[in-house]
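Contents: one structure, followed by commentary.
Just so you know, all these numbers are worked out from the coordinates, no wet-lab data involved. Computed from a prediction, not measured in an experiment: that's the story for all the values here. Glycine also receives a Cβ, built like all others from the backbone with ideal geometry; neighbour counts cover every protein chain displayed.
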Amino acid sequence: MAKHAYWFLFVLSVLAFTSCKFNPNLQGKGNDSIQGVWEEDSVDYQDQKLQYSKHKFRFTCDSVYVTIETFAKVNMYPDSCFNNGKWTEYAKGTYLTKEDTLMLTATFTKPNFKQKISGCYRIGQYLPAFVIRKTSKDSLYLESIQQHLQLKLALKERTTCVQKPLN
């Protein structure tokens, strides 16, 4: 009986050690078709809106850097933050594409993409999700799942993922 118990433990140990492997210490590869810098040149009906934002995305491997330039005709912030109705926000994080969906997990940052914990405008997490409506070699059309706004992005620079070690 003890012989069978030792044999069972041996087989169980071999299975446990061979079935697991460590993840590589590299950032993820991301989605090759969206690697690069994408910008919104204009927003539909921007002249008729009280407030609108233009987006810029930089996808590099599985990371994303977002710049959101907002234009407002109505002041919703303290006067020191309103900045004559024009301001820019930044976010940094990772992204994931699954079928026709692009999901970002990011945090609002300072212009140098370092963590922002206070100040004007939004702080904390930036968690948008988009339906990828159309993609080509030089255009990317996204629709915000939360706000149902269309983002028509033009490719400004194509990049190739060079995976870097994780810290």
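Odds and ends about this structure:
- Mean Cβ neighbour count within 10 Å, used as a protection proxy, ranking 79-91, 51-63, 110-122 highest first: 51-63, 79-91, 110-122
- Once both labels are positioned 7 Å from their Cα atoms along Cα-to-Cβ, the gap between Glu69 and Gln150 label points is 2.1 nm.
- Tilt relative to the chain, helix 2-19 - C-alpha long axis, 0 to 90 degrees, to 10: 30
- Whole-number Å³ per residue for the convex hull built on Cα positions in region 25-102: 124
- For region 91-139, lysine pairs separated by 8 or more sequence positions, or belonging to different chains, with Cα-Cα distances below 26 Å total 7.
- Kirkwood Rh in Å, taken over all unlike Cα pairs in region 57-122: 13.2
- Å³ per residue enclosed by the Cα convex hull of region 39-158: 114
- Those aspartates and glutamates that a straight Cα-Cα span of less than 12 Å connects to Lys86, excepting residues fewer than 8 apart in one chain: Glu69
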